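See below for the structure under consideration.
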Amino acid sequence: MSFYLLFVILLYFMINGILLEVNGVSCTEGFMDYSLLQGKAVIPHGNLRNNILSNYENRLDVATRRIIIDDDIKFTCDTVITEILIGVDIRTVDGIRNLYPRFEVWAPTNDDDVYTRLIGMSVEIRLTPDNFTTNGQYRFTPPTPLSVSSGYRIGVYQPPDDRSVVRFHYIDLPGMDDKDRTGKVQTNLINNSDIRIKSGSMMKPPRQVDHEDVTILIHPIVQNTGCFPQFVPDVPESLINSLSYSITDSYYVDDTRIFPDIRFTCHGIITNWIVYVPDQVMPVIKIRHSNNLTTTAATLNTSASNAVSITSLLYNFTMSNEITVQPGDMLMIESDNTNQMFYQKYNGPHNYRLADNNELIALDTNDYPLILVVVEPTSVATTGTSSNYITTSTTSSIATSDTTSLPSVMKPPSSSSMTRYSTTTTVSAVPTITTAAVPTDSIPTASISITSSLSTTMTSTPGQGNAGNGASIILIAAISAVIVLL
């Protein structure tokens, strides 16, 4: 393929405004990923929001312990668990709600129907709003890898619902209604180390678990992938990731909230807001600056000329006035009974309100505002270069976990440039490409890779703090290697 053709391909993607999320230096931190925002716009009231394990055929004030009893879902060889994929909702901690579930491992005994709980391999899933992820996906990393052997099973301990900070969810799989997949340890035996999962001959001795046909949203990631089967008739990771927006509910909020964990990390100009908002509802988006001053960034009116519908409830607002941001500025949303804002319930960052003395008061909720922002950096210097120079990029990777792209209507106002924010590189649209210039004779080969995507898979570990990916969405043409312009 000639370099001229490569250049034409590059220009095509630039002109059509391919939207990517750059993994690395960015202008924002904590804003919801487009993949999750889009999912919530399609299913605002998640169809699994009520599938809470602690509530399943159980009193809310009773803890439960479950073992995966399906013989097709257990370890078949020796391996090591390095991560645990989980489908959970996470709430704030208070004086009553302060307990966490556990991931457990059960080993076979000399009696094939009896399993013993390995105390040293019980891992507390300690996650709080400090560990929120921007795409709703959670991978929990144990403090130390867990070594397991053939025949071992996994299970979950869930505290009472009203005391659980983290709550597991479950799914009823099609065609699985008559298949017992989970055994709930009988309440009077919940603290026993050894549990019989199947009855003996003539029901003697009897089993000590109640059989259930639900599938808990949990899956261990192991070094030897052949040692643990897929727990659903699909790729486990794909299933849990696609359920990130189905686990939570969404609802209207009619007060003013501030989000210190949703903030700006560079000097820039806001060009677009992407928001879940119905017609005739106009919440006010503000920027709370580090000096305690507040700037009104936008009043979101879906009838205005700068509003373009992406879906029936998801709008792209292009800003005509320059609202500047700088590191430390945070998101603030003002809404009332008439102009309410739509939030995801749970699984978001800490929410605060502003007291009369400008003090931030923490609320007993961690709702996630259904909004994201596009920022055009202003602190990256660009230099025009002649066409026989090359463009280089130090951005290490571009996320490819979501191939859904926003429409091309999302562009900086009154500008033909589409900018990648990087420590060394800026790519602009026709007629010039500007960058840190490097003579073409310094690099003997050239290649091009153009990728379209929008979200990154997030990892949440104990003590990680804000697990949001901190990536801002910028209009760019993706150049992951070197492009020679002849």
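The values are calculated or read from the model by the stated rules, or taken from the named source; none is laboratory data. These numbers come from a predicted model, not from an experiment. Virtual Cβ from ideal backbone geometry, glycine too; neighbours counted across all protein chains shown.
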Next on the checklist: Just to be sure I understand the filter: pairs with C-beta atoms under 9 Å, separated by 6 or more residues or on different chains, first member in region 33-55 and β-branched (Val, Ile, Thr), second member surrounded by fewer than 17 Cβ atoms within 10 Å (Cβ to Cβ). Which pairs pass?
Outcome noted: Val42/Thr311
Checklist outcome for this item: Checked against (1) more than 35 Å from the chain's Cα centre (by Cα); (2) modelled with pLDDT of 90 or more; (3) surrounded by fewer than 21 Cβ atoms within 10 Å (Cβ to Cβ), Ser199 satisfies every condition except (2)
Next on the checklist: Within region 34-55, take every residue that is more than 16 Å from Ile171 (Cβ to Cβ) and among the polar types (S, T, N, Q) and give me the one that is surrounded by the most Cβ atoms within 10 Å (Cβ to Cβ).
Outcome noted: Ser35
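Matching residues to (1) in the same structural domain as Gln344 (by TED's automatic domain parsing); (2) among the small types (Gly, Ala, Ser):
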residue: Ser26; (1), (2): yes, yes
residue: Phe31; (1), (2): yes, no
residue: Thr76; (1), (2): no, no
residue: Thr82; (1), (2): no, no
residue: Gly95; (1), (2): no, yes
residue: Thr109; (1), (2): no, no
residue: Pro129; (1), (2): no, no
residue: Asn135; (1), (2): no, no
Checklist entry - Among the residues of region 119-127, is any in the same structural domain as Ile81 (by TED's automatic domain parsing), under 20 Å from the mean Cα position of the chain (by Cα) and either β-branched (Val, Ile, Thr) or surrounded by fewer than 22 Cβ atoms within 10 Å (Cβ to Cβ) (or both)? => result yes
Item to check | Selected residue [of a type in the set (Ser, Thr, Tyr), crowded, with 16+ Cβ neighbours inside 10 Å and either modelled with pLDDT of 95 or more or closer than 30 Å to Ile333 by Cβ (or both)] from Thr182, Thr248 | outcome: Thr248
Checklist entry - Any chance region 62-72 includes a residue that's surrounded by fewer than 19 Cβ atoms within 10 Å (Cβ to Cβ) and of a type in the set (Ser, Thr, Tyr)? => result no
Checklist entry - Say we look at region 75-118 and pick out the residues that are out of contact with any strand residue (DSSP E or B) (no Cβ under 8 Å at 6 or more places or on another chain) and not aliphatic (A, V, I, L, M); which of these is surrounded by the most Cβ atoms within 10 Å (Cβ to Cβ)? => result Thr92
Checklist entry - Do you know which of the residues in region 322-341 that are under 17 Å from Pro260 (Cα atoms) and of a type in the set (D, E, K, R) is surrounded by the most Cβ atoms within 10 Å (Cβ to Cβ)? => result Asp329
Item to check | Subset tally (residues that are within 30 Å of Ser250 (Cβ to Cβ), at pLDDT 95 or above and of a type in the set (Asp, Glu)) for region 45-83 | outcome: 1
Checklist entry - Does Tyr352 satisfy being at pLDDT 50 or above and among the aromatic types (Phe, Trp, Tyr)? => result yes
Checklist entry - Of the numbered conditions (1) at pLDDT 95 or above; (2) under 27 Å from Pro229 (Cα atoms); (3) of a type in the set (A, V, I, L, M, F, W, C), Leu37 satisfies every one except a single condition; which is it? => result (2)
Checklist outcome for this item: Checked Ile171, Ile154 against criteria (in contact with a Leu (Cβ under 7 Å, 6 or more places away or on another chain) and in contact (Cβ under 8 Å) with a residue 60 or more places away in the chain); the one match is Ile171
